[in-house]
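Chemist: Please find one structure pasted underneath; my questions will follow.
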Amino acid sequence: MMGELSGGCVCGAVRYTLKEGFRFKPYACHCKDCQSRTGSAFSEHMFFAKQDLLIEGELDEGTYLQPSGAKSSIWGCKRCKGRIFAENSTRPGFGSLRCGTLDRSREVIPVAHLWVRSKQPWVQIPDGARQLDEQPESPEEWMKLVG
Ligand SMILES: [Zn+2]
Ligand SMILES: [Zn+2]
């Protein structure tokens, strides 16, 4: 997805603009953590540089300490708890957008599906999308997959 993007939470109290800038391609994650956090089958992520995100409205933070020791924060609307983006302490300066909050979310087509080994059995991965049993290990592998 190119150009400036906009989106917001379900109640409308939070709106955002993601300026054209450093951005990876969207991917879907079928890991158990994403399922538990979203209450759904998978989540759609897109890495971006935090300096490109302009937020209007009040956010609050949910935190989760990953088994690795990394702190994962999810930022969402204070009023409706719609989740907007996540941050990880191992990747300062970058965030991971929850792509379903985009106004043009219909245009989001994940280029890769991660943690396919824990996907819900009824989910069919579209032809042509990359599939990984787990997730890339190194920054170089991430770059190759969604960069
Ligand atoms: Zn809201
Ligand atoms: Zn996940």
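Chemist: Can you name the residue in region 15-43 that is closer than 19 Å to Asp133 by Cβ and part of a strand (DSSP E or B) and is also nearest to ligand 1 (Cβ to nearest atom) among such residues?
Modeler: That would be Ser43.
Chemist: Tell me which residues, restricted to region 2-29, are hydrophobic (A, V, I, L, M, F, W, C) and open to solvent by 50 Å² or more (accessible area, probe 1.4 Å).
Modeler: Residues satisfying the conditions are Met2, Val10, Cys11, Phe22.
Chemist: Mind counting the residues in region 23-51 that are free of Cβ contacts under 8 Å to residues at least 60 places away in the same chain and either in contact with a Lys or Arg (Cβ under 6 Å, 6 or more places away or on another chain) or aromatic (Phe, Trp, Tyr) (or both)?
Modeler: Residues that pass the stated criteria total 1.
Chemist: Determine whether Gln124 is open to solvent by 40 Å² or more (accessible area, probe 1.4 Å), modelled with pLDDT of 95 or more and not charged (D, E, K, R).
Modeler: When the stated conditions are applied, Gln124 passes them.
Chemist: Another one. With the checklist (1) under 18 Å from Arg15 (Cβ atoms); (2) within 16 Å of ligand 2 (Cβ to nearest atom); (3) surrounded by fewer than 18 Cβ atoms within 10 Å (Cβ to Cβ) in hand, flag the one item Lys78 doesn't pass.
Modeler: Evaluating Lys78 over (1) under 18 Å from Arg15 (Cβ atoms); (2) within 16 Å of ligand 2 (Cβ to nearest atom); (3) surrounded by fewer than 18 Cβ atoms within 10 Å (Cβ to Cβ) leaves (2) as the failure.
Chemist: Are any residues in region 92-116 of a type outside the set (Ser, Thr, Tyr), in contact (Cβ under 8 Å) with a residue 24 or more places away in the chain and open to solvent by 20 Å² or more (accessible area, probe 1.4 Å), and if so, which ones?
Modeler: Gly93, Phe94, Arg98, Gly100, Asp103, Arg104, Glu107, Ile109, Pro110, Val111, Trp115, Val116 - these are the residues of region 92-116 that are of a type outside the set (Ser, Thr, Tyr), in contact (Cβ under 8 Å) with a residue 24 or more places away in the chain and open to solvent by 20 Å² or more (accessible area, probe 1.4 Å).
Chemist: In contact with a Lys or Arg (Cβ under 6 Å, 6 or more places away or on another chain), within 27 Å of Glu141 (Cβ to Cβ) and open to solvent by 60 Å² or more (accessible area, probe 1.4 Å), is that true of Arg83?
Modeler: Values: in contact with a Lys or Arg (Cβ under 6 Å, 6 or more places away or on another chain): yes; within 27 Å of Glu141 (Cβ to Cβ): yes; open to solvent by 60 Å² or more (accessible area, probe 1.4 Å): yes.
Against the criterion (in contact with a Lys or Arg (Cβ under 6 Å, 6 or more places away or on another chain), within 27 Å of Glu141 (Cβ to Cβ) and open to solvent by 60 Å² or more (accessible area, probe 1.4 Å)), Arg83 qualifies.
Chemist: Residue under question is Tyr64, and the condition is that it be over 12 Å from the mean Cα position of the chain (by Cα), surrounded by 16 or more Cβ atoms within 10 Å (Cβ to Cβ) and part of a strand (DSSP E or B); does it hold?
Modeler: Numbers: over 12 Å from the mean Cα position of the chain (by Cα): yes; surrounded by 16 or more Cβ atoms within 10 Å (Cβ to Cβ): no; part of a strand (DSSP E or B): yes.
Here the answer is no, as Tyr64 does not meet what is asked.
Chemist: In contact with a Leu (Cβ under 9 Å, 6 or more places away or on another chain), surrounded by fewer than 18 Cβ atoms within 10 Å (Cβ to Cβ) and of a type in the set (Lys, Arg), is that true of Lys32?
Modeler: On the way: in contact with a Leu (Cβ under 9 Å, 6 or more places away or on another chain): no; surrounded by fewer than 18 Cβ atoms within 10 Å (Cβ to Cβ): yes; of a type in the set (Lys, Arg): yes.
Criteria not met by Lys32.
The values are calculated or read from the model by the stated rules, or taken from the named source; none is laboratory data. Note that this is a predicted model, so its numbers are computed, not measured. A quick note on method: Cβ atoms are made from the backbone with ideal geometry, for glycine too, and the neighbour counts reach across all protein chains shown. Keep in mind that these areas ignore ligands, DNA and RNA; they rest on the heavy atoms of the full protein, side chains included. Shrake-Rupley method; radii C 1.70, N 1.55, O 1.52, S 1.80 Å.
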